[in-house]
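The values are calculated or read from the model by the stated rules, or taken from the named source; none is laboratory data. In this text, all values refer to a predicted model and were calculated from it rather than measured experimentally. Backbone-built Cβ (ideal geometry, glycine too); neighbour counts: all protein chains shown.
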Amino acid sequence: MKIIKNQDKKLLMKDIRDKIESNELKAGEQILSTKELAEKYGIAIQTAQRLLTELVNEGLLLRQKGMGTFIKEKKNSTASGVVGLVMRCHGDIWNEFIVKIVSGLQEHNINTILVDADSDTQSLSYMRNHPTVKQLIAANPLGIITCDTDLGNSLANDNPDIKVICISGENINPMTKMDIVCPDLFHAGYMAADHLIKLGRKHISFYKIKPEDESITSKRRELSTLCDGYRTTLTEAGLSADVMVDITDGLNDMQMFCDRLVSREKMDAIFVNFDYRATQFIQAAAEKGINVPNDLAVVSAYNTPWAESFQLTSIEYHYELIAGKCVHLILEHMEHKTKNSRQIIKFEPELVIRKSCGWRE
């Protein structure tokens, strides 16, 4: 299990970018080894490896097997065209993700068309008839990146010459015709529950959406994948899954959390599917004068500034790497005229250890 310490890990990336821009590092020049970079910047070897991978995905570095990592030669980009982004546009994760993709494509003179596909209540497959999506298809885009598998499959089937990339982390049929670039949500649920078990917790609750709703949207099926990992860990440890079900009413599910705190039901840990939701639970209990035990372990399934402000242990999915890979696939498609290859690329999540319990100190 990888663990990130709370420190600035991207100094390495900034230094390499600055040195390439100033021509201190020239095309073809080999950079230090991963081990040497880790020692120089005071970070883990795995972290150095991940940051270099991001620079490779951005097209700044080139890895040669058995030889090392080199500064990639800059090419005069004459690329032009458009890429459609049909995805959720709100929240700490998606804003940064979209900015990363847009800036990466702009470096290669590729424009983007953004279609807001935010929907928690119904399938996004209806988006294929959205006027903006129809205009996008008519413009013969280089590619379309979406967060919804239903829409992605539909677009890939109907438009085989358009590169379709889906970033949904749900369990996906391997025979899909689109490319999948996503976080490994199953592993995320697995490692979160494993962390709580190692803390000695035996009555771990999990907050999730009602099973009958999971078939509606890709977003909800993602939560089901997260829960599968959670359940698997508990089963392997001989523990039963204690599921706190979301009844799709924000006030009621917070009340459910408060009720559990004052009831006789045991709950010594909770794994919440979003860090903002975790903070809302904690605040709701405080407002009602309900004591939240200081030894209640809390882990969030997402790592955003909310988790950091509460010093909450959470899961980091490295969406910056996912964005970089999406850009790389679009450029590869342009250069080699690749078809949708049905490849599934999953990025390993990491556990950000802050405070799993005792966070009120």
Per-region count, region 89-111, residues surrounded by fewer than 18 Cβ atoms within 10 Å (Cβ to Cβ), at pLDDT 85 or above and either under 14 Å from the mean Cα position of the chain (by Cα) or over 20 Å from Ala139 (Cα atoms) (or both):
2
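Which one is farthest from Ser22 (Cα to Cα) among residues in region 35-66 that are assigned to a loop (DSSP other than H, G, I, E, B) and at pLDDT 80 or above? Quick ask: steps written out before the conclusion?
Here is the first cut: in region 35-66, the ones assigned to a loop (DSSP other than H, G, I, E, B) are 42-44, 58-60, 65-66.
Cutting the leftovers down to at pLDDT 80 or above gives us 42-44, 60.
On the way: Gly42: 24, Ile43: 25, Ala44: 27, Leu60: 14 Å.
Restricting to residues being assigned to a loop (DSSP other than H, G, I, E, B) and at pLDDT 80 or above, the top hit is Ala44.
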So is Arg342 of a type outside the set (Val, Ile, Thr), outside any helix (DSSP H, G or I) and either modelled with pLDDT of 85 or more or under 30 Å from Lys198 (Cβ atoms) (or both) or not?
no
Taking region 151-168 and keeping only residues that are within 20 Å of the chain's Cα centre (by Cα) and touching a residue at least 60 places away in the same chain (Cβ under 8 Å), one is left with Leu151, Val164, Ile165, Ile167
Within region 144-159, how many residues turn out to be surrounded by fewer than 24 Cβ atoms within 10 Å (Cβ to Cβ) and farther than 18 Å from Arg221 by Cα?
4
